[in-house]
1. Is it the case that some residue within segment 355-373 is farther than 30 Å from GLY142 by Cβ and out of contact with any strand residue (DSSP E or B) (no Cβ under 7 Å at 6 or more places or on another chain)?
2. Of everything in segment 348-366 that's more than 20 Å from SER300 (Cβ to Cβ) and either in contact with a helix residue (DSSP H, G or I) (Cβ under 6 Å, 6 or more places away or on another chain) or of a type in the set (Phe, Trp, Tyr) (or both), which residue is surrounded by the fewest Cβ atoms within 10 Å (Cβ to Cβ)?
3. All but one of (1) more than 22 Å from ALA322 (Cβ to Cβ); (2) touching a residue at least 12 places away in the same chain (Cβ under 8 Å); (3) open to solvent by 30 Å² or more (accessible area, probe 1.4 Å) hold for GLN369; which doesn't?
4. Restricting attention to segment 373-403, and to residues there that are among the hydroxyl-bearing types (Ser, Thr, Tyr) and open to solvent by less than 40 Å² (accessible area, probe 1.4 Å), which single residue is farthest from the chain's Cα centre (by Cα)?
5. When segment 203-247 is examined, which residues are found to be within 19 Å of the chain's Cα centre (by Cα) and part of a helix (DSSP H, G or I)?
6. Run down GLU179, GLU198, GLU189 and say which single residue is under 25 Å from ASP279 (Cβ atoms), in contact with a Phe, Trp or Tyr (Cβ under 8 Å, 6 or more places away or on another chain) and open to solvent by 40 Å² or more (accessible area, probe 1.4 Å).
7. Where the second residue is surrounded by 18 or more Cβ atoms within 10 Å (Cβ to Cβ) and assigned to a strand (DSSP E or B) and the first is in contact (Cβ under 8 Å) with a residue 12 or more places away in the chain and lies in segment 262-275, which pairs have Cβ atoms under 6 Å and are six or more apart or on separate chains?
8. Mind telling me which of the residues ALA345, ALA310 ends up being closer than 30 Å to VAL240 by Cβ, open to solvent by 30 Å² or more (accessible area, probe 1.4 Å) and not in a strand (DSSP E or B)?
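The values are calculated or read from the model by the stated rules, or taken from the named source; none is laboratory data. Note that the structure is predicted; figures quoted are calculated from it, not measured. Cβ placement follows ideal geometry from the backbone for every residue including glycine, while neighbour counts extend to all protein chains displayed. Remember, those area values only see protein heavy atoms, side chains included, never the ligands or the DNA or RNA. Shrake-Rupley method; radii C 1.70, N 1.55, O 1.52, S 1.80 Å.
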Amino acid sequence: MKPMGRVTRCLTCVAAALVFVAAGCRTPGRMAVTPGELAKAYAVEWESTAPTSDRRTLHQVNDPRILAALLRYVKGARPSDPPGEQHLVAVNLLFHLPGGRKTQHRYVFDDLDIEKPGYVELAEGWFQVPGQFNIVLFGLAGYAEASGHIDREDEALLGKYGWTLAFRINTWTVTLPAEFRHRPGEYPEVLYWAYNNELNRDASLDLTPWLGRSVEVRLYKVAEPLPEFMHPRREAGRAVIVRHEGRIVGAWLDAGRHWGFACSLAGRRFEEVTGKTWDEWIPALIDPQDPLERELSRLSPEDLIRMYYAAVDRGDYARAHACESRKSLVTSLFANMDNRFLYNAGFRDYEVAGLANITSARVIAIQRQERFEENLRQYYPPGTRIYEVRVDLQVKEPVTFESGPQTRFVTLRRETPATGWRIEGIGTGP
């Protein structure tokens, strides 16, 4: 499984950078202080402007434990030449020091790679700050309810693998799936747990004995960037700790919103841990004797496409999702999710632009596009088929398209030899 592409990540970076546009005109000037003195601050604040408005938001960090996690990197700042200007974004940081003193300093960082070192301007010149400072700072802006309460046992486990817990994001109770088996049309929650349990085993832990039971989940922000293979989302790392009756039974790293799968605590990717690709691993989670699996396995790609749109037409979203591959379904776990959690609570079919916006769907024509399969084969896994589908879609509201005949390009692959074709993607272009 791969993280978001570069184009998507760059858009995210631009939005994040805009959030940190410097304001702070009302703050005091710059004092002659050392990095060590700044590290003694009892509060740090800055203002930001939202990407879509001029509204400014004040951010302040005064939780002693979170502040300590942030300022340890300021203390480690080293003298540096002036930073270059390419991709750099500035923010004014206001440090509240003992004795009622306040001092404001310009801080700059690379908005395309925030895991790289940043630079703070002091009276003596520029100082380079480790990239972990950026990761924690961005994390604090994104997690308004961050808590400095970090369990020592959790901290020790992550520390053994070289990870630093900056703050706690959330804690809640979850009931694990009864088994690692996914049935066609179901929300892919079980795939989240099964996938991450493979990463979990890399830390000699296993969720299997606790399936069907309630567990406590603790979600932390980590200060270090994720491994290089997670580029360009290395700064998004979070630690997931799962406990049953106080005992740690699960631990891995995720990447939050957009694409949550990341790596084991040892920094190893899924394929390294399992020795398998997604396609080689997923059959173990599928029952080929399931009645709906057997029905779908007998369909040609064209018939599967017709079944999908027929299900959409009558509002049978479970059957529509059953026509999709598990690899496609897992994208629904993380798309635009609330980043305080591990994954979305369910399919988002009932959003305004979702399947529920379609009142009727009638397939007009289906044509395989072998020329696209040949020309684009470097972008698709082997065995992918591409179909141009002409379909009449009627909608309640014209959100992303208006009612009437539409052209869609549908990509399909055989999910497993036993279960046949599944839809991997539907778009307006091949």
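1. Scanning segment 355-373, I find at least one residue that is farther than 30 Å from GLY142 by Cβ and out of contact with any strand residue (DSSP E or B) (no Cβ under 7 Å at 6 or more places or on another chain), so the answer is yes.
2. TYR350
3. Just one mismatch for GLN369, condition (3).
4. TYR387
5. GLU228, PHE229, MET230, ARG234, GLU235, ALA236
6. Exactly one residue qualifies, and that residue is GLU189.
7. Cβ pairs passing all conditions: ALA262/LEU253; ALA262/ASP254; CYS263/LEU253; SER264/TRP252; LEU265/ALA251; ARG269/CYS263.
8. ALA345
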